[in-house]
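Just so you know, all these numbers are worked out from the coordinates, no wet-lab data involved. Please read these numbers as outputs of a predicted model, since none were measured by experiment. Here Cβ is always computed from backbone atoms with ideal geometry, including for glycine, and neighbour counts include all displayed protein chains.
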Amino acid sequence: MIERGYMDFSELIQLRQSVRAYQDKPVEGWKIEKIIESVRLAPSASNSQPWQLIIVDDPDTKDKVAHATYSSLISFNKFAPQAPVLAVLTIEKPKLITQIGGRLKDREFPLIDIGIAAAHFCLQAAEVGLGTCMLGWFNEEEIKKILQISSTTRLGLIITLGYAGEDNKLRKKIRKSQEKMCSFNSYKLGRNN
Ligand SMILES: Cc1cc2nc3c(=O)[nH]c(=O)nc-3n(C[C@H](O)[C@H](O)[C@H](O)COP(=O)(O)O)c2cc1C
């Protein structure tokens, strides 16, 4: 939460974590607007901006989408219905030049792009005191039906959004050490890779 009117980027990075418990409290419209604007300004290959951001805040629709992120067998997203808002990032066709470049170089630029857009979403949400969790596991066909998305469009990520539940203590999940994930001037696998 912004307390002194600004937050260092490194503080924001520490603050953002996946939130899997939410309060039953609505999210203010201005906060959602701010998040939408941050996604809009995300960089992308050739500035293609190959995504549509769907904010799902109608309770019935949101509930249907949330229930399509888990099943009785795969239940790790069972927390999703608690979130008062869900966001869906679709993967749209990029500009022709990006499509050609991607094919020539065998690169999936739109996937990279929506990852960055999702990071903008989650970091902006954290700055205004909201919790998020990116979901990569969901019933794509079912959600496309609910949101009337054409069968040829792929869904990239779903993001839960809302005020974190009480048990949201800051706990930076274990990350690889800098030595393991970074090297200078030549490629080196970390000691335990
Ligand atoms: C592409 C992607 C897909 C993810 N899918 C899920 C998911 O389906 N369910 C879930 O609970 N978390 C999911 N996560 C969250 C990761 O588990 C989480 O970011 C990671 O464990 C690091 O923890 P942190 O976000 O708290 O720092 C996903 C994250 C990413 C980037």
*Assign unit charges at the C-beta atoms only (+1 for Lys and Arg, -1 for Asp and Glu), then state the dipole size of the chain relative to its Cα centre in Debye, rounded to the nearest 20.*
920 debye
*Mind listing the phi-derived Karplus ³J(HN,Hα) values for region 147-162, rounded to whole Hz, using 6.51, -1.76 and 1.60 with θ = phi - 60°, and x for any glycine or proline?*
9, 6, 9, 4, 5, 7, 7, 8, 9, x, 9, 10, 10, 7, 9, x
*Lys/Arg Cβ at +1, Asp/Glu Cβ at -1, dipole of region 115-193 taken about the Cα centre: which of Ser186, Ala164, Gln148 is farthest positive-ward?*
Ser186
*Give, in nm to one decimal, the length gained when the segment between Ser18 and Lys180 is fully stretched (0.36 nm per residue of separation minus the Cα-Cα distance).*
56.0 nm
*Only loop residues by DSSP count here, and only those with at most 15 other Cβ atoms within 10 Å; note down the chymotrypsin sites (Phe, Trp or Tyr not before Pro) in region 59-122 that meet that.*
Phe76
_Explain nothing, just compute: Karplus ³J(HN,Hα) = 6.51 cos²θ - 1.76 cosθ + 1.60, θ = phi - 60°, for every residue of region 71-83 in order, whole Hz, x for Gly and Pro._
9, 5, 7, 10, 10, 5, 9, 4, 6, 3, x, 5, 5
*So how much slack lies between Ile112 and Ile36, counting 0.36 nm per residue of separation and subtracting their Cα-Cα distance, in nm?*
25.5 nm
*DSSP loop (so not H, G, I, E, B), at most 14 other Cβ within 10 Å: list which trypsin sites (Lys or Arg not before Pro) in region 94-176 pass both filters.*
Arg107, Lys169, Arg171, Lys172, Lys173, Arg175, Lys176
*Would you mind computing, in nm to one decimal, how far apart the modelled labels at Lys25 and Ile97 are, each placed 7 Å from Cα along Cα→Cβ?*
4.6 nm
*Are there any helices in the chain, counted as whole DSSP H runs, that stretch 20 Å or more along their axis by Cα and score at least 0.0 on average by Kyte-Doolittle, and if so which?*
109-127
*Kindly write out, for region 42-54 in residue order, the coupling ³J(HN,Hα) from the Karplus curve 6.51 cos²θ - 1.76 cosθ + 1.60 (θ = phi - 60°), rounded to whole Hz, with x marking Gly and Pro.*
5, x, 7, 4, 6, 6, 6, 6, x, 8, 10, 9, 10
*List the lysines whose Cα lies under 17 Å from the Cα of Lys64, skipping any in the same chain that are fewer than 8 positions away.*
Lys78, Lys144, Lys145
*Please give the calculated 222 nm ellipticity per residue for the chain, where each DSSP H segment of at least 4 residues contributes -39500 (n - 2.57) and the sum is spread over every residue; nearest 500 deg cm²/dmol?*
-10000 deg cm²/dmol
*If you take the alpha carbon radius of gyration of region 88-135 and divide it by 2.2 N^0.38 Å, what ratio comes out, to two decimals?*
1.43
